[in-house]
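Trainee: Pasting in a structure now, in C-alpha cells, and then I'll have a few things to ask.
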Amino acid sequence: MVVTNRELIQKMGDTVKAKTELMASWPEAEQFGENVARWRKTSDFFRGAPVCIAVLMGRYSSVADQILRARGETDAVAREIRSSRETGKSSLQSAAAAITYICLFLHYLGMGSTWMAGPLQAKREIEALLTVPPDWDLVGLIPVGYAAETPATRPRKPLQEVIQFFR
Ligand SMILES: Cc1cc2nc3c(=O)[nH]c(=O)nc-3n(C[C@H](O)[C@H](O)[C@H](O)COP(=O)(O)O)c2cc1C
C-alpha cells in the first residue's frame, strides 16, 4: 500500500509515537537511558516523508503447512517441525525480499528509503488506519523521499567475521 496522504502519514506517526511514549514510561525502560531518549526522538521520523509504503504479508499455506496443521498439536515431531518452519517463515522471507528490491529500485531511481520494522509496535492501529483486510499482516514500513544528504558509505565487516566455510 502506497500512502501519499500527508494526514494519514501523520496519523500513522501518531500511533507509533503513542506506543513509544507508553513503553518509555514503563519502569523497565529506565535502564536504557540515552537509547530510550534517542528512540523517543526517532521512532516516528517517517512522518516527515512524502510517501510511505506499507508492506503487507499474505497468509500463505504450503502443502507442508496443511499437513502439519491437520496432524494437530499432539504429535511432538510435527510440533517441532512447525516451530522450525515458523522461525524462517517463507511468507516473511518473501516480504523481506520484496522490501529489499523496493529499496534497491528506489535507490536506482534516485530516491532514498528506510527499511522500518519499528512501527510494528503500532501494527494494529496502522492496519486499522489503512483498512488492511483481516487475512493480511503489516510487516514493514518504507518511508520514501529524495535524500536530504548522502551519508558516507559505512565500513563493512571483514568476510571472515560473517561467513563460515565447511570445506
Ligand atoms: C528488518 C529491518 C528493520 C529495520 N527497522 C528499522 C526501523 O524501524 N527504524 C530505523 O530507523 N531503521 C531500521 N532499519 C535500518 C534501516 O532501514 C537501514 O537499514 C539502516 O539505516 C542502513 O543504514 P546503516 O546500516 O548504514 O545505518 C531496519 C533494517 C532492517 C533490515
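Trainee: Under a crude label model (7 Å from the Cα following the beta-carbon direction), how far is residue 162 from residue 89 in nanometres?
Mentor: Those two pseudo-labels are separated by 2.5 nm.
Trainee: Could I ask something else about it? Name the shape class, rounded, prolate or oblate, that the alpha-carbon gyration tensor gives for the range 1-118, where a ≥ b ≥ c are the square roots of its eigenvalues, rounded holds for a/c under 1.5, and otherwise prolate holds if a/b is larger than b/c and oblate otherwise.
Mentor: oblate
Trainee: For a quick check of understanding: with a 1.4 angstrom probe and all protein chains in place, what accessible area in square angstrom does residue 81 have, to the nearest ten?
Mentor: Roll a 1.4 Å probe over it and residue 81 shows about 80 Å².
Trainee: Give me the distance between the Cα centres of the range 74-95 and the range 1-25, rounded to whole Å.
Mentor: 31
Trainee: Which shape class, rounded, prolate or oblate, goes with the range 128-167 when its Cα gyration tensor gives a ≥ b ≥ c as root eigenvalues, a/c under 1.5 marks rounded, and past that a/b bigger than b/c marks prolate?
Mentor: It is oblate, given that a/c is not under 1.5 and a/b is not larger than b/c.
Trainee: Counting other Cβ atoms within 10 Å of each Cβ, which GluC sites (Glu not before Pro) in the range 24-99 have at most 14 and sit in a DSSP loop?
Mentor: When the GluC sites (Glu not before Pro) of the range 24-99 are filtered for loop state and at most 14 Cβ neighbours within 10 Å, 73 remain.
Trainee: Are there any trypsin sites (Lys or Arg not before Pro) in the range 1-63 that are in a DSSP loop and have at most 12 other Cβ atoms within 10 Å? List them by number.
Mentor: Passing sites in the range 1-63 are 59.
Trainee: How many Å² of accessible area per residue for the range 1-155, probe 1.4 Å?
Mentor: 66
Trainee: Assign one of three labels to the range 90-160, namely rounded, prolate or oblate, based on the Cα gyration tensor with a ≥ b ≥ c the square roots of its eigenvalues; rounded applies when a/c is under 1.5, prolate when it is not and a/b is larger than b/c, and oblate otherwise.
Mentor: prolate
Trainee: Could you work out what % of the accessible surface of the range 75-167 is carbon and sulfur, using a 1.4 angstrom probe and leaving DNA, RNA and ligands out of the count?
Mentor: 60
Trainee: Counting Lys and Arg as +1 and Asp and Glu as -1, what is the net charge of the other residues whose Cβ lies under 9 Å from the Cβ of residue 20?
Mentor: +1
Trainee: May I ask you to compute the full-extension gain from residue 117 to residue 104, defined as 0.36 nm times their residue separation minus their alpha-carbon distance, rounded to one decimal in nm?
Mentor: So the extension gain works out to 3.0 nm.
The values are calculated or read from the model by the stated rules, or taken from the named source; none is laboratory data. Values in this document were obtained by computation on a predicted structure and should not be read as measured data. Cβ coordinates were reconstructed from backbone atoms using ideal geometry, including for glycine residues, and neighbour counts include every protein chain displayed. The protein model used for the area step is the full one, side chains on, heavy atoms only, and it has no ligands, DNA or RNA in it. Shrake-Rupley method; radii C 1.70, N 1.55, O 1.52, S 1.80 Å.
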